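The values are calculated or read from the model by the stated rules, or taken from the named source; none is laboratory data. On a predicted model such as this, the values are computed, not experimentally measured, just so you know. Positions of Cβ are generated from backbone atoms using ideal geometry, with glycine treated the same way; all protein chains shown enter the neighbour counts.
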Amino acid sequence: MATPIIRRLVWGSAFAIACMGAAWAGAASVPDAKRVTVTGEVIDSWCQTTGIMYALGTAHHQCAIWCAVGGIPVGLRTEDGTLYTILRVDQDQRNVANPRLLKIQTHQVSVAADLIERDGNRYLLIDQVMDDHGIVNRTHGDYGIQPFGE
């Protein structure tokens, strides 16, 4: 038979775990997010924003992977130039070096996501990559392979 102290520890631990689960579930739903479908190219935000090198398509594919592995935020750029920062994909809480993001770097994708807009920035919490058309932006012929291209 469990002593009163052990029973209190067990009940206290169960209560703490339940509270953490409730907090985690609450953190997953963002009250001011809106559901969107966005289509665009998955990009390396550093090269795209700074213009340090040509940052789109096949010319930039390997560099985009290196930057994502190194911790540079991955984004999505629509055809009209709108930029989104991807905070999550497929319910995976990791962003830095996320294997799913690495596999779709420079791909043209359509995603279903929660959009959060704060201080002029747009963030996506992607829960589904609906279409992955692969790399459709063929740029290496014009720009060489970056960062070692012409």
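Can you name the condition, by its number, that LEU101 falls short on among (1) assigned to a strand (DSSP E or B); (2) within 9 Å of the chain's Cα centre (by Cα)?
(1)
Show the residue pairs that are 6+ apart or on different chains and have beta-carbon atoms under 6 Å apart, the first residue being within the stretch 61-87 and among the basic types (Lys, Arg), the second being surrounded by fewer than 17 Cβ atoms within 10 Å (Cβ to Cβ).
Correct list of pairs: ARG77/LEU83.
Can we say THR106 is closer than 14 Å to GLN48 by Cα and surrounded by fewer than 19 Cβ atoms within 10 Å (Cβ to Cβ)? Talk me through it step by step, then tell me what you get.
Details: closer than 14 Å to GLN48 by Cα: yes; surrounded by fewer than 19 Cβ atoms within 10 Å (Cβ to Cβ): no.
Taking the combined requirement at face value, the residue does not satisfy it.
Would you confirm, using the coordinates I've provided, whether ILE135 is part of a strand (DSSP E or B), of a type in the set (A, V, I, L, M, F, W, C) and assigned by TED's automatic domain parsing to the domain that holds GLN48?
Details: part of a strand (DSSP E or B): no; of a type in the set (A, V, I, L, M, F, W, C): yes; assigned by TED's automatic domain parsing to the domain that holds GLN48: yes.
So ILE135 does not fit the description; no.
Please go through the stretch 92-116 and give me each residue that is in contact with a helix residue (DSSP H, G or I) (Cβ under 7 Å, 6 or more places away or on another chain), at pLDDT below 85 and under 16 Å from ASP127 (Cα atoms), ordered by number.
Once the filter is applied, which keeps residues that are in contact with a helix residue (DSSP H, G or I) (Cβ under 7 Å, 6 or more places away or on another chain), at pLDDT below 85 and under 16 Å from ASP127 (Cα atoms), the stretch 92-116 yields only ASP92.
Scan the stretch 72-98 residue by residue and report those that are hydroxyl-bearing (Ser, Thr, Tyr) and within 11 Å of the chain's Cα centre (by Cα). So that I can check it myself, show each step before the final result.
Initially, the stretch 72-98 is screened for residues hydroxyl-bearing (Ser, Thr, Tyr), giving 78, 82, 84-85.
Across the stretch 72-98, the qualifying residues are TYR84, THR85.
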